[in-house]
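The values are calculated or read from the model by the stated rules, or taken from the named source; none is laboratory data. What you see is a predicted model, and the numbers here were worked out from it, not measured in a lab. Heads up, the Cβs are rebuilt from the backbone with ideal geometry, glycines too, and the neighbour counts pull from every protein chain shown. Note: areas computed on protein heavy atoms with side chains; ligands, DNA, RNA excluded. Shrake-Rupley method; radii C 1.70, N 1.55, O 1.52, S 1.80 Å.
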Amino acid sequence: MPQAPEVSIAAASEGGYPVLEDGLSPAGAGAPAFKHSRLQRLADRWAHLGFLVCSLLVVGLIGGILYFLATRGLAAFLPMAGNTGRTLSFSEVFLSTDWAPSSDRFGILPFIAGSLGVTGLALLIAAPAGVLTGVFIAKMAPAWMRNLMRQVMDLLVGIPSVVYGIFGLTVVLPLVSRTWLADAPASGFAVSALILAVMIVPTIVSLSTDAFESLPAALDEGAQALGSSRWQAIWRVLIPAARPRLLTAMVLGLGRAIGEAMAVQMVIGNNPQWVALMRESTDRAPFLRALFTPAATLTTELVQELPNTAAGSTWNNVLFAMGLLLYLLTMVLILATRRLGRGKEA
Amino acid sequence: MKIRFMARAILAGLLVTGAAQAQTVTVMGSTALGPIVKKAAEDYMKSHPGVQIAVSGGGSMTGLNQVTSGGCQIGISDVFATPDQEKAGIKNHNIVVQPFTLVAHPGVGVKNLSAQQAEQIFTGKIVNWQEVGGQNRKIVRVIRPESSGTRAVQKKTILHDQEFAKDVLIQDSTGAVVAAVATTPGAISFVELEHLEKNKNRIAGIAYNGVACSNEAVKSGKYPVFSFGHAYTNPAKLGDPKVKQAVEDFLAYILSPSFQRNVIKAGYLPVDYVKSLKTKL
């Protein structure tokens, strides 16, 4: 633990500027040294302790969640105490598409593929839309519009996901099925990805607006001085210059999308057999058909089944393993964000 | 879902500590059975001021897990306990009867299905409503998740323990099922009778083997698709004889004719309607 702050003017810092160690505004060289009262020092020490405890609590909580998920999730593969379920092999869980827990078959590949598929598709829609909106807000929009757009984006981030879900279920799904599918149900990747895209666009817009605003004006001006058009300046200069931060924006959007459960659950159709169904399909355009086939993701399956399975059963253990996998996936995304962020500074 | 459950658990905890003097019985489990058991608890506490009954949700499996481990005194469930849980010595009480019915989108043009037709629709052998005398329209099967009690009942009664077709749309709750059936042409599903009655203007009931689902049809034995609502106790974990007495007394109250008359209003049927049938569901 660092020592309680000694309040006196510290030795001049390297710049030769006197600095107060308690963080008050730097006093002039001639300002009289002053002492904090005992009470203030005590309060400082307690505040320090308070902050420390809070931060340790957060770290401990995250560690605790990982530990809990790991012990429950790994119970599917390792014999552990309190485990009434069967011990499974990694391959029959991670490499099988056959999910029928009541019949003792636990392949979770459909959920992994579902999560990656729907998230990737959502990003495909949201990334261009978000980045271009960011350019518009940062570089083109008049001031009043910029303010309005920023507020609208903040508002969109705050809408609870279940609202997006209800909108998807009651408006988008019936509309899509009536318009394009001759009344077949539209549940599946297409509508889920669309809803997810709407949910993550605000995140991407906010972060890419920041990215463009933080670029030195010289870049834009220089490009225009050299005779490039608006479009050329954006495409050839601004976007490449902001790329590390734009990638960070996308990874954060991806993180939000992959963890979303409620909204997706309401529109995707939640069918764990979707891979088998696609394989049996004789459709001439299987990819197009897959977009409108009820499917399932890691999160939707967890939401649906976790509350109703017996603790310690094989089924329950596998669901926890899926939770662990989600946790690790999110972790990887966060690490990727940090790496990309560091790339920016280099 | 978790948060709601936790909030309830905390609330239950507060109730428990608040009534330190009284005998406290905690009930956990099925959210479907929750309201009717809560009603019974309220009525019972009025006439038994010394007893506190706290009812919270969590789902059928939570109820069964908790009663097995001694975390609550009564676990309410839509489904029978697993063999492991039964081995632990928990005891079943059927408290109500729950009738189920087939429902469909109003436009399918079919009012009745034979047992065989219903089975083949859900196993995937029949794929178009035309094959059972309806419109030329693809059949969209809407069912509940694998761990759902309703799905277990459906598998046993309608599918006779065969697997569901792979081409299905799955919805998490009965409310979501009703919404999906109402907005998806060609949809068919399986819900508690009470939900059909509440949504008669949006979805259509389908008779099973020529008999439409109704309380009278179940009572007369003509309509075979129903399940029991269960209340499980764990005699080995009811240490305090006073608590044991309160639990037994409360269950007796739920099964008393005066309370069983009330369950019809809540969409259930009294247990003695089907006592003679001895259906294991």
* To do: May I ask you to list the residues in segment A:258-314 that are facing chain B (nearest Cβ under 7 Å), assigned to a loop (DSSP other than H, G, I, E, B) and open to solvent by 40 Å² or more (accessible area, probe 1.4 Å)?
  => A:ALA311
* Identify the residue in segment A:158-194 that is among the β-branched types (Val, Ile, Thr), open to solvent by 30 Å² or more (accessible area, probe 1.4 Å) and not in a loop (DSSP other than H, G, I, E, B) and, among all such residues, is nearest to B:ILE188 (Cα to Cα). => A:THR170
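Can you tell me which residue in segment B:169-193 is farthest from the other protein chains (Cβ to nearest Cβ), limited to those that are part of a loop (DSSP other than H, G, I, E, B) and within 23 Å of B:ASN112 (Cβ to Cβ)? Even if it seems obvious, please write down each step before you answer.
So in segment B:169-193, the residues part of a loop (DSSP other than H, G, I, E, B) come out as B:171-173, B:184-186.
Filter once more, keeping what is within 23 Å of B:ASN112 (Cβ to Cβ): B:184-186.
On the way: B:THR184: 5, B:PRO185: 4, B:GLY186: 7 Å.
Checked segment B:169-193; the qualifying residue farthest from the other protein chains (Cβ to nearest Cβ) is B:GLY186.
Please enumerate the residues belonging to segment B:158-168 that are more than 9 Å from every other protein chain (Cβ to nearest Cβ) and open to solvent by 20 Å² or more (accessible area, probe 1.4 Å). Give the derivation first.
Step one: list which residues in segment B:158-168 are more than 9 Å from every other protein chain (Cβ to nearest Cβ), which gives B:158-162.
Within segment B:158-168, B:HIS160, B:ASP161, B:GLN162 qualify.
Restricting attention to segment B:209-246, which residues are open to solvent by 70 Å² or more (accessible area, probe 1.4 Å) and under 24 Å from B:GLY59 (Cα atoms)? Full working, then the answer.
Here is the first cut: in segment B:209-246, the residues open to solvent by 70 Å² or more (accessible area, probe 1.4 Å) are B:209, B:216, B:219-220, B:222, B:236-237, B:240-242, B:244-245.
Hits for segment B:209-246 are B:ALA236, B:LYS237, B:LYS244.
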* Asked: Does B:HIS93 meet the test of being at pLDDT 90 or above and surrounded by fewer than 20 Cβ atoms within 10 Å (Cβ to Cβ)?
  -> yes
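Within the group A:ARG150, A:ARG86, which residue is among the charged types (D, E, K, R) and in a helix (DSSP H, G or I)?
On the way: A:ARG86 fails: in a helix (DSSP H, G or I).
None of the others qualify; the one that does is A:ARG150.
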* Please go through segment B:196-224 and pick out each residue that is assigned to a helix (DSSP H, G or I) and either within 14 Å of chain A (Cβ to nearest Cβ) or within 21 Å of B:ILE139 (Cα to Cα) (or both). => B:LEU196
* To do: Being of a type outside the set (Phe, Trp, Tyr), at pLDDT 90 or above, assigned to a helix (DSSP H, G or I) and assigned by TED's automatic domain parsing to the domain that holds A:LEU302 narrows it down to one of A:LEU52, A:LEU61, A:LEU123, so name that one.
  => A:LEU123
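Would you pick out the residues in segment B:111-125 that are under 12 Å from B:ASP167 (Cα atoms) and either open to solvent by less than 10 Å² (accessible area, probe 1.4 Å) or in contact with a His (Cβ under 7 Å, 6 or more places away or on another chain) (or both)? It would help to see each step written out before you state the result.
We begin by selecting, within segment B:111-125, every residue under 12 Å from B:ASP167 (Cα atoms); these are B:121-125.
Within segment B:111-125, B:ILE121, B:PHE122 meet the criteria.
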